[in-house]
Each structure stands twice: as C-alpha cells, then as structure tokens.
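Please read the structure below before turning to the comments.
The values are calculated or read from the model by the stated rules, or taken from the named source; none is laboratory data. Owing to the predicted nature of the structure, the values given are computational and were not obtained by experimental measurement. Virtual Cβ from ideal backbone geometry, glycine too; neighbours counted across all protein chains shown. Note: areas computed on protein heavy atoms with side chains; ligands, DNA, RNA excluded. Shrake-Rupley method; radii C 1.70, N 1.55, O 1.52, S 1.80 Å.
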Amino acid sequence: MEVFLGNFATDSVGIGPAFVIPEQQKRIISQNTISIDEIPDERQRFENALEIVSNDISGQLANLPKTKENAIQREIFEAYLLMLDDPVFTDEVCNEFENERCNVEYALNVKTEEYADKLRLSGNAYLSARAKDILDIFGRVIDEMMGIHPFNINTVPDGSVIIASTLSPADTIILSKKKIAGLALAEGGISSHVMILARSYGIPAVVGLNFSDVKRRIQNGQTVIVDSGSRELLADPDEKTIREYKHTIRINLKEQSQFNSFLNKPAATADGEKFCLYANIGSIEEAEIARNEGADGIGLFRTEFMFMSNGNISQKPTFHSFSEEGQFEVYKKVLEIMEGKPVTIRTLDAGGDKVVCSTNIPHLNEKNPLMGLRAIRLSLEYPEILKTQLRALYRASVYGNLKIMLPLITSVEQVDSCKKIIQDVKDELEAKNIPYSKKVSVGIMVETAAAAIISDCLAKKSDFFSIGTNDLTQYTLAVDRENAKIYSLYNESNLAVLRLISMTVKNAKNAKIPVSVCGEMASRRDTVPILAGMGIRSFSMSPKLINMIKSLLSHFTVPELQAFSLKSM
C-alpha cells in the first residue's frame, strides 16, 4: 500500500477504482502579427468561439433542474454565461488585438491572465479561488479557436475516485451526478469552487497532492481510498485496510443519520447550556439552505461574490450587482428568508486593483496585497463604495433583523471613521424619508493580532465581536494558508492564536457585548470544545455542519468543555 499526503480535505471517506484524468493538452499560444485587413476575421473567430462555448454552457444549464440541491451548480453556470457575454471584457480583448495587431487568442490569453492575477493577488482567499473560474471558461474559448478538444469528462465511470491535476467547477458538477467515490487533486484551496461543491455533495476530497508522482504510481481501476481525516490518498490497500475503511464509512453514514435528528432541536450541552449556531453564506440560495438546516440565523454573509462578479466580469444589473439597488434586493431577500432571525452581513472584504469595478478606484499594483489596501482599508480609502453598500443595507434593514460587520479592523480610529459614514448614510435616508431600522447593530471582525490585543478598546466602540479565525491564524503565525509548501505551519490551535482568542472573549465579556466565531474553527470537532470552554456560545459555519455541531455539544457538560480549554492553553 502506498500513501500520498495532501493539504486540504473535506470531512469524509471514499473507496473506489481510480480513474486518472489525463492532463489537458498544453496550449502553446504564439504571438502572431496580423494586418489591418485581418482584423474583421479575427473578431469573427472570437465571436464564433464565444457563441459555441456559450451554447454549450447554456445547454448544460437548461438540463439542470431548478432545485435547491442544484443551486450552486446553476450559479456557476450562470456566472460563466455572464463572463462570456460581458461586453466590457469583450471590448478589452478586441482593443488588445486591434491595437497590438496580434492574433485574437493571444490577446484573450493576455487579458484572462491579467484578470486572474489580480484576483490571486487580492489578499482574499475566496476571490483568489475565483481566478480558476476565469481561466477555465475563457480557456475553453481559446481551445475552441485553436481546435483543441479536451478530455470528455462524461466518459468517467460511475463510482470512481477521480485523480487529476485540477478540475473545473463545471467538471465537478458533471462528476457529482455520477456519484463518484472521491476526488484526489493536485490544485485547489479550501475555498475553491471545487471544494465548495465537494462539501455540498458530500464527496470525499483531498487536494494538494503531487500529481506527477500520483499519476506515475497509480493505474486506472486500481483500488484507492480517499481519507479526508488524515488528508491522504491510499493506493492498493490490502483487504484488512479496505474492511476497516468500509466500517468507517458505515459508521459515518449512521452518524449522519443521527445528526439529522437534531434538525429541530436547539443546540445545547448535556447539562443544558444553550448555544447559537449560525450559518456562513455567500448567496440567496445558501440562505435558503441555512434556513432548511435549522440555523439560528446568518453569522456571516460574505458580500464579496456580488462585487467580484460585477467588478470583473459582468456589468449586468440582473446578476449580483455592485449598484445600490442590486445589493438592496439581495440583502432584502436574505433577511426575508431568515424570517426575523439575525442576519450579519459583512461589508466588502476584498482588495487588489479591479476586483471591485469603480471609476473611483485606480489601478493598484501592490507587492503584498494581503497586507495592503484590502477590506475596511479599501472601503475607507474609497468611501463611496462603503456608502453605497451601507445605503443598501440600511434600506433593507426594515425587512428583518440586520447586523452589520466591519472586516479587518485594526484600530479604534477605523471604527470611528466607519461610524461617521454610517451616520451620514442615516442622515441622508432620513432627509429623503426613506425608512430604515434604528436597531441595526454594528460590530467588527477580530482577525488580526492587533485587533485582539486592543479588543478592550474596540469593545467600547462595537456592538459585537466576530472572531475570524482563518485570518487571525494566518496573520498571527505569518503563514499563507493557500501556500502548500508551508501549510503544515498553519495551525489554528497554536497557543498564540488561542491566547489571542481568549483575550478577545474576556474583553468582550467585560464590555458585555456578544462574541462569536465564524472561521473554520467554529465547525471542527477538535476546536469547538476548546472555544466553548473559553465561554464562546455562538458559532457560525457551513449550513451543512450545523447539526453535526449540535450533536457534538450535546455530548459534553460545561465543566468538561472548560477542562478542554484549560488543557489546550
């Protein structure tokens, strides 16, 4: 038996015959000079390829039923279609090849790489993962123009464990219908669309493998095991190992059935201590899933995807829009779906050049965007962006129980500046007799060591804290969580991280303001007891994990949780 170690994984186990997807034919896109007379033909080739790829995606979308189970897949296909039909991007490509007098596929490759690089350097893990989507869909257009026909994903046998260098979200959707047993990939991050889909479908997945090593030593049809718990791919296991993992799968299925019994029960410990379990979402569809999974509310609504879609790909107001009206409609719908339960919406958490499309934001070419003009810094640098979002939020506030959260706060002055803008927005709404709720709480994310250390000062300016453990860990340990070479150093249970969390919790308690956790630690079996032992009673997580955490908490008493916490500190 051979074992291959990855970096990220979903929380499940899969067994099946290996199917190694061949690497895509490498494109060699040379730059060729064209004459003025050739420009119309080049434009026509580009338009024809766009139409062919668009028709293919439209056909797949038309065959995908409009059910909540297919919400994420439909959203991806719709985003792809908007990318393909974006007149701004199309004009940029045409201007590129006309001005440079080069072949259109070369110009398209230059522009897609340019956009993808900006997303990768945005300093935001979610937006960085979207670079893959842009390269995927416009890569298809380039392939169409060059006559390259990639591997047909539909030929993959049902029940396989897929081994590949990378997969597009669209390919993952197709594979999910085949009830594949697992995914083992070289590329991808925890927030990539592939991993989001894998979690949504319950597909065991491991990413970060050495693909050249794996494909050389594993043959199609060979039995393999995806062990997400240990982030491993096991090849050619013996019968004893297979029996043990099959037993694990049976236990997991039984456990999942038991989790479902918690759907309509409150989250509580064995001795009756109550908890609030909220959902992390990024769309209207996910709000519906959160409601159906029994979430106590929304603990984190990431608004980045709305901005990213409009800012880089589509100017169409029918999709997630950067406009005030477009945002208002989304926020209103989410608040209505949650029927009075708390909905915490985070203001724009993005950074890096044209991730947000606005004439007020110049081209940004930062050497270290993760430490640069991102999140609240970006919003305060260009306050009209923040004011537009705040107007939409306050207008929507009358439709539910809204809370507003400010990301990447590192000083009291930042909170004061935001509150001044908030007051300006309220004054404008009142002057125009536009109704809004006077009870909207405004809190901050504690996701840097700076915020944790001065949390006593910040607590005097905030209605609540939400601890973002992903960035808190990354910044505290100086570890890029997307960098596979140093991922072993990324440890949320590191003593420094735990002490900063504990400090924040104590200062929130002293100031008598609520505190919750919305990072990955809020949904992990090994870290939830530690956090609960510190006194945290609110967690926000992927909607599908809520009932698992309810079950977990029900097995402990408060003294036991406190003992876990003391031992870890």
Practice item. Quick one: which helices (runs of 4 or more DSSP H) lie wholly within region 407-481 and hold at least 3 residues that are within 26 Å of Tyr278 (Cβ to Cβ) and at pLDDT 95 or above? Key: 412-431, 449-453, 455-459
Practice item. Tell me which residues, restricted to region 522-548, are part of a helix (DSSP H, G or I) and at pLDDT 95 or above. Key: Val528, Pro529, Ile530, Leu531, Ala532, Gly533
Point to revise | Subset of region 312-359 (residues that are surrounded by fewer than 21 Cβ atoms within 10 Å (Cβ to Cβ), modelled with pLDDT under 60 and of a type in the set (Gly, Ala, Ser)) | key: Ser358
Check your understanding: What are the pairs, 6+ residues apart or on separate chains, where a residue within region 62-74 that is outside any helix (DSSP H, G or I) has its Cβ under 6 Å from a residue that is open to solvent by 30 Å² or more (accessible area, probe 1.4 Å)?
Key -> Leu64/Arg74
Review point. How many residues, within region 63-87, are aromatic (Phe, Trp, Tyr) and farther than 19 Å from Ile142 by Cβ?
Key: 1
Review point. Picking from Leu386, Leu390, Leu429, Leu406, which residue would you name as being under 27 Å from Gly340 (Cα atoms) and in contact with a Cys (Cβ under 7 Å, 6 or more places away or on another chain)?
Key: Leu406
Review point. What number goes with the only condition from (1) modelled with pLDDT under 90; (2) open to solvent by 60 Å² or more (accessible area, probe 1.4 Å); (3) of a type in the set (Ser, Thr, Tyr) that Thr33 does not pass?
Key: (1)
**Study point:** Subset of region 126-149 that is touching a Phe, Trp or Tyr at 6+ places or on another chain (Cβ under 9 Å) and modelled with pLDDT under 75 - its residue that is surrounded by the fewest Cβ atoms within 10 Å (Cβ to Cβ)
**Key:** Tyr126
Revision key, fill the gap. For Gly123, the lone unmet condition from (1) surrounded by 22 or more Cβ atoms within 10 Å (Cβ to Cβ); (2) modelled with pLDDT of 90 or more; (3) touching a strand residue (DSSP E or B) at 6+ places or on another chain (Cβ under 6 Å) is (2)
Review point. Within region 251-272, can one find any residue that is at pLDDT below 90, under 17 Å from the mean Cα position of the chain (by Cα) and among the charged types (D, E, K, R)?
Key: no
Point to revise | Top-ranked residue of region 91-119 - restricted to ones that are crowded, with 18+ Cβ neighbours inside 10 Å, assigned to a helix (DSSP H, G or I) and of a type in the set (S, T, N, Q), ranked as farthest from the chain's Cα centre (by Cα) | key: Asn109
Check your understanding: Which ones in region 381-404 are surrounded by 21 or more Cβ atoms within 10 Å (Cβ to Cβ) and among the aromatic types (Phe, Trp, Tyr)?
Key -> Tyr394
Check your understanding: Are any residues in region 262-306 aliphatic (A, V, I, L, M) and buried (at least 17 other Cβ atoms within 10 Å of the Cβ), and if so, which ones?
Key -> Ala267, Leu277, Ala279, Ile281, Ile284, Ala287, Ile289, Ala290, Ala295, Ile298, Leu300, Met306
Review point. So which of Arg74, Arg27 is open to solvent by less than 70 Å² (accessible area, probe 1.4 Å), at pLDDT below 90 and under 17 Å from Ser168 (Cα atoms)?
Key: Arg74
Check your understanding: Where residues in region 482-496 are over 15 Å from Lys567 (Cα atoms) and at pLDDT 85 or above, which of them is least open to solvent (accessible area, probe 1.4 Å)?
Key -> Glu492
Exercise for review: For region 369-380, enumerate the residues that are open to solvent by 10 Å² or more (accessible area, probe 1.4 Å) and basic (Lys, Arg).
Suggested key: Arg377
Revision key, fill the gap. Counted residues in region 499-547 being crowded, with 20+ Cβ neighbours inside 10 Å, over 24 Å from the mean Cα position of the chain (by Cα) and more than 28 Å from Phe262 (Cα to Cα) come to 5
Study note, to complete from the structure: When every residue in region 273-298 that is at pLDDT below 90 and part of a helix (DSSP H, G or I) is compared, the one nearest to Leu553 (Cα to Cα) is Ile289
Point to revise | Among the residues listed as Ile190, Ile173, the single one being surrounded by 18 or more Cβ atoms within 10 Å (Cβ to Cβ), at pLDDT below 75, in contact with a strand residue (DSSP E or B) (Cβ under 7 Å, 6 or more places away or on another chain) and more than 18 Å from Ala18 (Cβ to Cβ) | key: Ile190
Check your understanding: What pairs come up if the first residue lies in region 147-163 and is without any contact (Cβ under 8 Å) to a residue 40 or more places away in the chain, the second is open to solvent by 10 Å² or more (accessible area, probe 1.4 Å) and of a type in the set (Lys, Arg), and their beta carbons are under 8 Å apart, counting only those six or more places apart or on different chains?
Key -> Asp158/Lys178; Asp158/Lys179
Check your understanding: If a residue has to be within 30 Å of Lys550 (Cβ to Cβ), charged (D, E, K, R), open to solvent by 80 Å² or more (accessible area, probe 1.4 Å) and outside any loop (DSSP other than H, G, I, E, B) to count, how many in region 202-261 make the cut?
Key -> 4
